[in-house]
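Engineer: To start, I am sharing the structure in question, which I have written as structure tokens.
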Amino acid sequence: SAKDVLSVIACDDGDMDEETFEEECEELSCDVKTIDHYDLESVGYLYRLLLQMGQPWRNRYPLIDLAGISGDFFDEQPFGPESVEVRYSKNANILFVEDKPPLLPISLLNGLILPDGSAVPSHHLEELWMGMEHLRQEPDLPLSELMEVIPGPDFGMGGIVGGFDEIYDFYKKGEAHLSVRGQIDTILDGGRTRVAIRSLPHGVLLKPVLQQINALQEKGTCPPFILKRNPDGTALNIIIDMGPQISADKLKTLLYQETDLEQTIHLRCGFKDNAGWMLEGPLITVLKEANTQCSTAWTQKNGTKLDYAPFIRDVIKFGKFKNPLYRLVDERRTTLLRSKPL
């Protein structure tokens, strides 16, 4: 259970005594608060961090699988740690090689919340991986060419981030405030116009957004909506039927201005090295350092392990090489704006 994992972290690896641990777990069995309510060394804080590792709206590639009531992107309200089961996910089993560093910098892959409230954004696995390989083989690669491979952050809930110039400056300086939006589409259905909210900005939960839309309805500025979700709870579809009082474009603007569907996030480029130290700086600097600390897992098609990374052109041309990271590549990605949002 999650409680067993927390016991190892807090008591075996940390300095917490068993009595204090049991008392704090008992409190969690009654109520689990948000992470900002807990001290950094408390069981509640550790439990929230553990849960985040398995939440796909928080992590682009979750490192653990959760079973039990562990919260969802509606309000993230879980049961206590004794009621939640955890195990390594497929992602973790591939990314973490036994007795070796991980295959990719995990903070750049999944994102990381920093103590000052800023964050390292997550990235698409294939883009991050190929970007590191390009830099490994061409250390003087300019940022403009690297961004053809890594065009921008990629969040678990999708959304929209940008534009291009803002992302370029972020990667060049290693720090920026970027605008992140939920995806809102206009749908024409049999002569009816509808607005569909397809995704939320990174870090935004569904419950407060629905409350904000309800408040707009009470003011008479927003038409009624229908909430649709996939059975697995991962996809979002809030359908709003347009009325005569407002156009689709004006409604989109209203939703971005009056709800959490648009956020400005303080982002940094960085990753934790194998000793736990945080390295921050421009993207190219960070990726070059990550290349020195991450493992490679290339093999020939016959299974022979390689102690080097083959040239990408050879991988594409000859197809004689394999890498377990290919098993984690998917097509989903956050939408990137080519220009600054209005």
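Engineer: With labels modelled as points extended 7 Å from the Cα through the Cβ direction, what inter-label distance (nm, one decimal) is found for residue 326 paired with residue 169?
Structural biologist: Reported label-point gap for residue 326 and residue 169 is 4.1 nm.
Engineer: Once every DSSP H run of n ≥ 4 in the chain is given -39500 (n - 2.57) and the sum is divided by its residues, what mean residue ellipticity at 222 nm do you get, rounded to the nearest 500 deg cm²/dmol?
Structural biologist: Calculated mean residue ellipticity at 222 nm is -9000 deg cm²/dmol.
Engineer: If I take R0 = 35 Å and measure r between the Cβ atoms of residue 114 and residue 88 in this structure, what FRET efficiency does the formula 1/(1 + (r/R0)^6) give, to the nearest 0.05?
Structural biologist: According to the calculation, E is roughly 0.90.
Engineer: Taking the Cα centre of the chain as the origin and placing charges on Cβ (Lys, Arg +1; Asp, Glu -1), which of 45, 94, 125 is farthest toward the positive end of the dipole?
Structural biologist: Of the candidates, 125 comes out farthest on the positive side.
Engineer: Hey, another quick one. Pull up all non-local amide H partners of residue 114: gap of 5 or more, or a different chain, and H-to-H distance under 5 Å with H placed in the peptide plane.
Structural biologist: When sequence neighbours closer than 5 places are left aside, the close amide H contacts are 119, 120.
Engineer: Ok, one more. With unit charges on the beta carbons (Lys and Arg positive, Asp and Glu negative) and the dipole taken about the Cα centre of the chain, which residue among 247, 70, 209 sits farthest to the positive side?
Structural biologist: 247
Engineer: Out of all DSSP beta bridges in the chain, what portion is antiparallel? Express it as a percent rounded to 5.
Structural biologist: Rounded to the nearest five, the antiparallel share is 90 percent.
Engineer: Next question. Which three extents, in angstrom, do the Cα atoms of the range 171-270 have along their principal axes, listed largest first?
Structural biologist: On the principal axes, the range 171-270 reaches 48, 31, 25 Å in Cα extent.
Engineer: Given Cα pairs under 8 Å that are at least 6 residues apart, what percent is the relative contact order of the chain?
Structural biologist: 18
Engineer: A further question on this structure: Can you tell me the dipole magnitude for the range 183-260 around its Cα centre, using point charges on the Cβ only (Lys, Arg +1; Asp, Glu -1), in Debye to the nearest 20?
Structural biologist: Taking the Cα centre of the range 183-260 as origin, the dipole is about 60 debye.
Engineer: Label points 7 Å out from Cα along the Cβ direction at residue 211 and residue 335: separation in nm?
Structural biologist: Result for the modelled spin labels: 2.7 nm.
Engineer: Mind ordering 162-170, 187-195 by average Cβ neighbours within 10 Å, highest first?
Structural biologist: The packing order, highest mean first, is 162-170, 187-195.
Engineer: Compute, for the range 6-53, the length of the dipole vector about the Cα centre, with Cβ point charges of +1 (Lys, Arg) and -1 (Asp, Glu) only. Units Debye, rounded to 20.
Structural biologist: Dipole about the Cα centre, nearest 20: 420 debye.
Engineer: Let me ask something else about it. What is the range 2-89 by shape, rounded, prolate or oblate, if you read a ≥ b ≥ c off the alpha carbon gyration tensor as root eigenvalues and call it rounded for a/c under 1.5, prolate for a/b larger than b/c, and oblate otherwise?
Structural biologist: Prolate, since a/c reaches 1.5 and a/b exceeds b/c.
Engineer: Please give the charge dipole size of the chain, origin at the Cα centre, charges +1 on K and R Cβ atoms and -1 on D and E Cβ atoms. Round to the nearest 20 debye.
Structural biologist: 2220
Engineer: Between 323, 290, 104, whose Cα lies farthest towards the positive end of the dipole of the chain when Lys and Arg beta carbons carry +1 and Asp and Glu beta carbons carry -1, centred on the Cα centre?
Structural biologist: 323
Engineer: To continue, here is another question. Rounded, prolate or oblate for the chain? Axes are the square roots of the Cα gyration tensor eigenvalues, ordered a ≥ b ≥ c, and the cut-off for rounded is a/c under 1.5.
Structural biologist: oblate
Engineer: How much length is gained if the chain between residue 257 and residue 148 is pulled fully straight, taking 0.36 nm per residue apart and subtracting their Cα-Cα distance, in nm to one decimal?
Structural biologist: In short, 36.1 nm is gained.
Engineer: So what's the gap between the Cα centers of the range 236-271 and the range 28-78, to the nearest angstrom?
Structural biologist: 26
Engineer: Moving on. What number, in percent, do you get for the relative contact order of the range 183-260 if the mean sequence gap of Cα pairs under 8 Å and at least 6 apart is divided by its residue count?
Structural biologist: 34
Read the figures in this text as sums done on the coordinates, not as results from a lab. Computed from a predicted structure; not experimentally measured. Because the Cβ atoms are built from the backbone with ideal geometry, glycine has one as well, and the counts that use them run over all protein chains shown.
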